[in-house]
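Visitor: I'd like to ask some things about the structure below.
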Amino acid sequence: EYPNEPERNTDGLIIRKDKPFNAEPQVNLLVQNYVTPDPLFFHRNHGPIPDIDVETHCIEIKGQLAKPLELTLKDLRTSFNKHSVMATLQVRCWCAGNRRDGLNKVKKTNGVVWGPGAIGNAVYTGCWLRDVLNAAGVTSCPNEIVKLHAAFESVEQCEESRNYGSSIPLEKAILVSHALTFDRDEFGDVLLAYEMNGKPLTRDHGYPVRVVVPGYIGARSVKYLKRIIIQDHESDAYFQQRDYKILPFNVDCEEKACKVWDNFPAIGEYNVQSYVCEPADGLACKSGLCQVRGYALSGGGRSIQRVDVSADDGKTWITADLYQPCSGGARTWAWCLWTAQLHATNKRIMSRAVDSAGNIQQEYPVWNYRGVMNNSWRTVEESPSH
Ligand code: MTE
Ligand code: MO
C-alpha cells in the first residue's frame, strides 16, 4: 500500500503515524527559526504520497466558468505572474496539551493525536488562483462571487475517500484580495504554489502543485492538486463535510454527529492562539531568570497585538516581546514569535495571545465533539489521566 514513499530525514520530528505519514517537530526546535526549515516542517497526510509525472500531469479548472481550462505545471509557470506569500500552515485539530479539560473525550479522526508542533511558517511561491480563474472566465459580478465556492481535488487515494478534497468560498480568492492586497506579495492571497522556501515543492508537501490558503486551517490547502471546480456549494468531500466542524455541546457521540454534520459550516479561518515552546513542557527553570519563547498567531490575516505570559497560573502576567516582521500592513499571514523573561517558579508557564481584532484566548475550552479550534491557555497536563 505504501511502496513509494519519499526518503525522509526524521531527526527532530515526533512521528504521530507512519502510514499515512504524520509527524511534527519538537517545539523547542520549531521556534529557533522564523521561516521553518524543510526538515522541521510538519507532515499531514491522509494517504500514500503520490509520485506524479510532471510532464503529463495537468490541472483541470472547470465548473461555473466561461472558459474551462487544463493547465500543466509549465503553463502555470509561464502564463501567469509569479507571486510569493509567507504563510503559516497548521493542523487545527490538536487535542494534546490542553489545560485541565475533558477534550480527551473527543472523537479522534484516524487516530492521529497532534501536539503543538503541527505548525510551520514558509514562503510559498506560485501564481494567484484568481489570475487562473480570470483566465478561465470566472464571473466578475460580486453578487455571483459570494454565492460560489472553489472546490479542490487531489490525486491520491486517502484512507477516508478516493482522493483528498476541500473547498473555500470563492470570495476568499477573489473579492478580498482585489479590494485589500494591491498585489503586494507579502499580503497576497490564495496561491497555486509550486515552490516552498525558494525550491520546488517536495513530494511530501504537494509536488508538483498545491493550493495555499493563507489564514485558513491547513486542511484547505490541498496538495497534489488535480482539479479546481467552481460550484454553488461547498465541497462534498469527507474532509469538508465530516471533519473540521464545530458541533454543538450536546453532540457527544458518532450517532448524534451523523445527524447534524450538514447543519454546520466547515471551518475556514482559525482563531487566536499561542504556545510556550521553551522551556520544554512549559516547566520553568529552578533558579534565576528563565528565558521563555513561543509562538502566537491568528487566522484570517489578523496580526498578534499582545502576548501575555504567566508563571503563577494566570494570577499575574507579563507582556512578551513580539517578533512579527511581516505584519506591516492591515493583514499578515505569518505567525509571531515571542520571548519573555520570568523569575524561576515551580509552576508551569503559560501564554495567552490577543489579536488585532481584540480576540483573546480563553482560560478553558468549550468542549466540542471533534475538539477543533480549542484555543484555551495551553500547558502540559498536570496529571495525565489518559
Ligand atoms: N492535501 C492532500 N492532497 N492530502 C492531504 O492529506 N492534508 C491537509 C492539507 N492538504 C492533505 C492535503 C491538511 S489536514 C494539512 S494540515 C496540510 O495539507 C498539511 O500540509 P503539509 O503536509 O505540507 O504540512
Ligand atoms: Mo490539517
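Visitor: Return only the number of the condition from (1) part of a loop (DSSP other than H, G, I, E, B); (2) farther than 24 Å from Leu29 by Cα that Lys256 does not satisfy.
Guide: Only one criterion in (1) part of a loop (DSSP other than H, G, I, E, B); (2) farther than 24 Å from Leu29 by Cα is unmet by Lys256, namely (1).
Visitor: Let me ask something additional. Just to be sure before I move on: is Ala340 modelled with pLDDT of 95 or more and farther than 26 Å from Val372 by Cβ in the structure I sent?
Guide: Values: modelled with pLDDT of 95 or more: yes; farther than 26 Å from Val372 by Cβ: yes.
The answer is yes for Ala340.
Visitor: Being surrounded by fewer than 19 Cβ atoms within 10 Å (Cβ to Cβ) and over 30 Å from Ala150 (Cα atoms), is that true of even one residue in the stretch 256-278?
Guide: Taking every residue of the stretch 256-278 in turn, none turns out to be surrounded by fewer than 19 Cβ atoms within 10 Å (Cβ to Cβ) and over 30 Å from Ala150 (Cα atoms).
Visitor: Of a type in the set (S, T, N, Q), surrounded by 14 or more Cβ atoms within 10 Å (Cβ to Cβ) and either in contact with a His (Cβ under 6 Å, 6 or more places away or on another chain) or at negative phi (or both): does that describe Ser287? I'd like the intermediate steps shown before the answer.
Guide: Values: of a type in the set (S, T, N, Q): yes; surrounded by 14 or more Cβ atoms within 10 Å (Cβ to Cβ): no; either in contact with a His (Cβ under 6 Å, 6 or more places away or on another chain) or at negative phi (or both): yes.
When the stated conditions are applied, Ser287 does not pass them.
Visitor: Considering each of Asp236, Asp243 in turn, give the residue that is part of a loop (DSSP other than H, G, I, E, B) and surrounded by fewer than 18 Cβ atoms within 10 Å (Cβ to Cβ).
Guide: Numbers: Asp243 fails: surrounded by fewer than 18 Cβ atoms within 10 Å (Cβ to Cβ).
So the residue among Asp236, Asp243 that is part of a loop (DSSP other than H, G, I, E, B) and surrounded by fewer than 18 Cβ atoms within 10 Å (Cβ to Cβ) is Asp236.
Visitor: Pick out the one residue from Tyr224, Tyr244 that is hydroxyl-bearing (Ser, Thr, Tyr), within 16 Å of ligand 2 (Cβ to nearest atom), touching a Cys at 6+ places or on another chain (Cβ under 8 Å) and assigned by TED's automatic domain parsing to the domain that holds Thr88. Lay out the reasoning, then the answer.
Guide: Details: Tyr224 fails: touching a Cys at 6+ places or on another chain (Cβ under 8 Å).
Criteria check complete, one pass: Tyr244.
Visitor: Taking the residues in the stretch 275-314 that are among the small types (Gly, Ala, Ser) and not in a loop (DSSP other than H, G, I, E, B) as candidates, determine which candidate is modelled with the lowest pLDDT.
Guide: Applying the first criterion (among the small types (Gly, Ala, Ser)) to the stretch 275-314 yields 280, 282, 284, 287-288, 294, 296, 298-301, 303, 310-311, 314.
Retained after the next criterion (residues that are not in a loop (DSSP other than H, G, I, E, B)): 280, 282, 294, 296, 310.
Working: Ala280: 78, Gly282: 72, Gly294: 96, Ala296: 96, Ser310: 92.
The residue in question is Gly282.
Visitor: How about the stretch 331-358: which of its residues are assigned to a loop (DSSP other than H, G, I, E, B) and either of a type in the set (S, T, N, Q) or within 19 Å of the chain's Cα centre (by Cα) (or both)?
Guide: Going residue by residue through the stretch 331-358, those that are assigned to a loop (DSSP other than H, G, I, E, B) are 331-335, 344-347, 349, 356-358.
Of everything in the stretch 331-358, those that are assigned to a loop (DSSP other than H, G, I, E, B) and either of a type in the set (S, T, N, Q) or within 19 Å of the chain's Cα centre (by Cα) (or both) turn out to be Arg331, Thr332, Trp333, Ala334, Trp335, Thr345, Asn346, Ser356.
Visitor: Identify, from the list Thr181, Thr139, Thr202, the residue that is at pLDDT 95 or above and polar (S, T, N, Q).
Guide: On the way: Thr181 fails: at pLDDT 95 or above; Thr139 fails: at pLDDT 95 or above.
From the options Thr181, Thr139, Thr202, the qualifying one is Thr202.
Visitor: Still on this structure: Does the stretch 157-166 hold any residues that are at pLDDT 90 or above and within 15 Å of ligand 2 (Cβ to nearest atom), and which are they? Break it down into steps so the answer makes sense when it comes.
Guide: The initial filter retains those residues of the stretch 157-166 that are at pLDDT 90 or above, namely 163-166.
Tyr164, Gly165, Ser166, listed by residue number.
Visitor: Still on this model: Taking into account only those residues within the stretch 187-216 that are outside any strand (DSSP E or B), closer than 19 Å to Glu60 by Cβ and touching a residue at least 60 places away in the same chain (Cβ under 8 Å), which is farthest from ligand 2 (Cβ to nearest atom)?
Guide: In this case the residue turns out to be Pro208.
Visitor: If you don't mind, there's one more thing I want to ask. Please identify the pairs in which a residue from the stretch 254-265 that is under 11 Å from Asp243 (Cα atoms) has its Cβ atom under 6 Å from the Cβ atom of a residue that is of a type in the set (Phe, Trp, Tyr) and surrounded by 10 or more Cβ atoms within 10 Å (Cβ to Cβ), counting only partners at least 6 apart or on another chain.
Guide: Note: pairs meeting the criteria are Ala257/Tyr369.
Visitor: Out of Val123, Val138, report the one residue that is part of a strand (DSSP E or B), in the same structural domain as Tyr194 (by TED's automatic domain parsing) and out of contact with any Phe, Trp or Tyr (no Cβ under 7 Å at 6 or more places or on another chain).
Guide: The unique qualifying residue is Val123.
The values are calculated or read from the model by the stated rules, or taken from the named source; none is laboratory data. Fair warning: this is a prediction, and the values are worked out from it, not measured in the lab. Note: ideal-geometry Cβ built from the backbone for every residue, glycine included; neighbour counts use all protein chains shown.
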